[in-house]
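The values are calculated or read from the model by the stated rules, or taken from the named source; none is laboratory data. Please read these numbers as outputs of a predicted model, since none were measured by experiment. We place every Cβ from the backbone using ideal geometry, glycine too, and count neighbours over all the protein chains shown.
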Amino acid sequence: MISNHSSWAQEIELVVRQSLSGESSGHDPSHAFRVRTVGVRIAAATGADSEVVAATALLHDVGHRKGRLGHAKQSATLATQALSNCGFPETKISAVVACIEQHDWKPDRAGDPPHPTREYQAFADADRLDALGAVGIARTFAFGGVHGRPIWEPESEGTSESPYGISTIHHFYEKLLRLPNDMYTEPGRRLAAHRVSVMEEFLRVFYLEWESRDFEVTDESRSQIGSHCELSRNER
Ligand SMILES: [Fe+2]
Ligand SMILES: [Fe+2]
């Protein structure tokens, strides 16, 4: 595990805990700490400034408590104050604030800055990776519950009036399974592919159980569930 023992990091960790402890939509302090750990590793592989990546990762969602929409701007404002007060290198503050202000996932990187820095790329990949894999599945359902989004609406298609989509399973197809295409770095793409395979296996079993089709599955065939169950709801 990568740790950063510099005093600014300890002060910023405290700010993150104070701002986000108990947050129940998947944007709690542990999300920020995981994004920092993975982001710093990507930075080491790509030559990005690890201090900028670490500070960005820690502070990027501190404004989340006040609501999802507009949280990037809110987080950037809080980050400016926190970084000025904790001894973080002054010359790097604007780079951190710019990364935070600009983070906004949209399909095909449409929400990203037009010329992302290496630091933005390392941070954005780490943030997106935390939406994938087993942790990503847990966070996605937590987020859906907080925002009143149903687990799965198999009959519903098209668009929803809710900004959060029709159902959490729809969200897998609308965003999560597309994330590997939006990774910037090689380490990000590699880990994203592995984490997506975990989610695909989850979806296979989810559909079986949702329709109680696993009731008759014997122990022998249980190990073959993955190969017998279709992944995509469109193929069902
Ligand atoms: Fe965010
Ligand atoms: Fe995040």
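Under the condition of being within 14 Å of ligand 1 (Cβ to nearest atom) and more than 10 Å from the chain's Cα centre (by Cα), the residues counted in segment 98-147 number 12.
Only one entry in R195, R190 is surrounded by fewer than 20 Cβ atoms within 10 Å (Cβ to Cβ), at pLDDT 95 or above and among the basic types (K, R), namely R190.
State all residues of segment 146-163 that are within 18 Å of S24 (Cα to Cα), without any contact (Cβ under 8 Å) to a residue 60 or more places away in the chain and surrounded by 14 or more Cβ atoms within 10 Å (Cβ to Cβ); if no residue qualifies, say none.
Residues of segment 146-163 that are within 18 Å of S24 (Cα to Cα), as a first pass: 146-151.
Going one step further and asking which of them are without any contact (Cβ under 8 Å) to a residue 60 or more places away in the chain, we end up with 148-151.
Passing the criteria: R149, P150.
Kindly indicate whether R68 is charged (D, E, K, R), within 16 Å of ligand 1 (Cβ to nearest atom) and surrounded by 22 or more Cβ atoms within 10 Å (Cβ to Cβ). Before you say what the answer is, go through the steps one by one.
Details: charged (D, E, K, R): yes; within 16 Å of ligand 1 (Cβ to nearest atom): yes; surrounded by 22 or more Cβ atoms within 10 Å (Cβ to Cβ): no.
No: the conditions fail for R68.
Considering (1) more than 16 Å from ligand 1 (Cβ to nearest atom); (2) touching a residue at least 24 places away in the same chain (Cβ under 8 Å); (3) closer than 14 Å to F123 by Cα, the lone condition that V38 does not fulfil carries the number (1). Restricting A55, A48, A43, A32 to those that are part of a loop (DSSP other than H, G, I, E, B) and either buried (at least 19 other Cβ atoms within 10 Å of the Cβ) or in contact (Cβ under 8 Å) with a residue 24 or more places away in the chain (or both) reduces the list to A48. Restricting S3, S7, S30 to residues that are polar (S, T, N, Q) and at pLDDT 95 or above narrows the list to S30. Exactly one residue out of P107, P154 is under 30 Å from E209 (Cβ atoms) and in contact with a Phe, Trp or Tyr (Cβ under 9 Å, 6 or more places away or on another chain), and it is P154. Go through segment 85-126 and give me each residue that's closer than 15 Å to V40 by Cβ, in the same structural domain as T37 (by TED's automatic domain parsing) and within 16 Å of ligand 2 (Cβ to nearest atom). Within segment 85-126, V96, C99 qualify. The set of residues in segment 58-77 being away from ligand 2 (no atom under 14 Å from the Cβ) and assigned to a helix (DSSP H, G or I) consists of K66, K73, T77.
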